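Novice: The structure under discussion is supplied below as structure tokens; questions concerning it will follow.
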Amino acid sequence: MSEAGARQGAAGAKTTGHEFADVNGVRIHYAIARPMTEENEEPAAHEGEMKLIVFLHGFPEFWYAWRKQLDEFGRDFIAVAPDMRGYNLSSKPAAVEEYDIAKLVGDVRALVEYLAAAHHLGAARCVLVGHDWGGVVAWATAMACPEIVERLVIVNAPHPKIFERELRDNPKQQEASQYMLVFRSAQAEAIMSANNFAMMQETILGEGMRQGHISEADRKAYVEAWSQPGALTGGLNYYRAAEVGPGGGGPGAGGHDAFKMKHPATSFEVKMPTLVIWGERDPYILTGNLDGLERYVPKLTVERIPDATHWVVHEKPARVNELIRDFLASK
């Protein structure tokens, strides 16, 4: 997939387009799918009455991770999947501090406000969906800016206070998180980009290709996104800015803060209805991160998928779509 192809609809849906928004001091590229007229050329006339759903990817992905969700939810939502700052075709600030959680939350808030204005929506509100780092940012956005999040969907991404506990008290999570220390190291780019991103291709895509849910075209799309100048460093800077990892967190008790967040929220409670989808075979973020979650999320629904891994969005896209649909239809 060429860079132009990344912009012009590689997801394959006729309703998927690609646009840019200059928000919060950066330029954000995003894929967008929404109902069109019968000619498939103009947005549906009732667009202003529709709801916005925003999908945030994690490391080391890009908007393309959500292509099957765009196909599904673009039928009756304004469905948007941005490249997060630092990734693919979006801006890639050089300074590590530009990836602080408050900056990332600011990007989401500004993008939602931009999209609401651009599509004449009644209010700057959305259904917010996030996986991995996108889920971390989605949690933080829901805490800091609850007025813009109508409902929250999290896919295999830890709540910061629960993750802090797990890194402090759970030796298995400490072991599973050792990779974060590598990602924060000065050698990370060289290790991960060697031999045309061989380690990343195997770790992120290899099993999916063997199982048949990652195609050769998908592999090429990921390699091209990783090859964008500055993109690998941009993604790694999320880990560096947060100083996340076992025993290597911020200045809290014992050095076990999950994130050096300078968190923009005053409370870690998430007040809106929240769906957490969890592939139980995730080797990176263990199921202990679900224990006690209701303490911080009173309106919580948890859907465990026993035979899925961290990459459940790719492994079980139809099930993920179904669970989100059912959640959005519930009261």
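The values are calculated or read from the model by the stated rules, or taken from the named source; none is laboratory data. These numbers come from a predicted model, not from an experiment. Positions of Cβ are backbone-derived with ideal geometry, glycine not excepted, and every protein chain shown enters the neighbour counts. In case anyone asks, the SASA skips ligands and DNA or RNA and just uses the protein heavy atoms, side chains included. Shrake-Rupley method; radii C 1.70, N 1.55, O 1.52, S 1.80 Å.
Novice: Out of all the residues in segment 119-144, which are without any contact (Cβ under 8 Å) to a residue 40 or more places away in the chain and open to solvent by 20 Å² or more (accessible area, probe 1.4 Å)?
Specialist: Correct list: Ala123, Ala124.
Novice: Also, I was wondering about something else. For Val244, all conditions in the list (1) at pLDDT below 95; (2) of a type in the set (Val, Ile, Thr); (3) open to solvent by 30 Å² or more (accessible area, probe 1.4 Å) hold save one; what is the number of the exception?
Specialist: The single condition Val244 does not satisfy is (3).
Novice: Quick one: what pairs do we get from segment 179-208, first residue closer than 21 Å to Ala221 by Cα, second open to solvent by 70 Å² or more (accessible area, probe 1.4 Å), C-beta under 6 Å, 6+ apart or different chains?
Specialist: Close Cβ pairs satisfying both conditions: Met192/Met199.
Novice: Additional query: So which of Ala94, Ala65, Ala116 is open to solvent by 30 Å² or more (accessible area, probe 1.4 Å), at pLDDT 95 or above and among the hydrophobic types (A, V, I, L, M, F, W, C)?
Specialist: Ala94
Novice: Output the residues belonging to segment 60-82 that are in contact with an Asp or Glu (Cβ under 8 Å, 6 or more places away or on another chain) and in a helix (DSSP H, G or I).
Specialist: Trp63, Tyr64
Novice: Here's a follow-up. Do you know which residues across segment 145-164 are touching a residue at least 60 places away in the same chain (Cβ under 8 Å), open to solvent by 30 Å² or more (accessible area, probe 1.4 Å) and part of a helix (DSSP H, G or I)?
Specialist: Pro146, Lys161, Glu164, listed by residue number.
Novice: Hey, Asn196 hits all of (1) modelled with pLDDT of 95 or more; (2) open to solvent by 60 Å² or more (accessible area, probe 1.4 Å); (3) out of contact with any Lys or Arg (no Cβ under 7 Å at 6 or more places or on another chain); (4) more than 22 Å from Ser90 (Cα to Cα) but one; which does it fall short on?
Specialist: Unmet for Asn196, out of (1) modelled with pLDDT of 95 or more; (2) open to solvent by 60 Å² or more (accessible area, probe 1.4 Å); (3) out of contact with any Lys or Arg (no Cβ under 7 Å at 6 or more places or on another chain); (4) more than 22 Å from Ser90 (Cα to Cα): (4).
Novice: May I pose another question? Filter segment 285-318 for residues that are touching a residue at least 12 places away in the same chain (Cβ under 8 Å), exposed (fewer than 15 other Cβ atoms within 10 Å of the Cβ) and charged (D, E, K, R) and give the result.
Specialist: If the condition is that a residue be touching a residue at least 12 places away in the same chain (Cβ under 8 Å), exposed (fewer than 15 other Cβ atoms within 10 Å of the Cβ) and charged (D, E, K, R), then Asp291, Lys299, Arg304, Asp307 are the ones that fit.
Novice: Here's something else I'd like to know. So the check is Cβ under 8 Å with 6+ separation or different chains; which pairs have a first residue in segment 236-247 that's over 18 Å from Arg85 (Cβ atoms) and a second one that's modelled with pLDDT of 95 or more and polar (S, T, N, Q)?
Specialist: Gly245/Ser177; Gly245/Gln178; Pro246/Gln173; Pro246/Gln174; Pro246/Ser177; Pro246/Gln178; Gly247/Gln174
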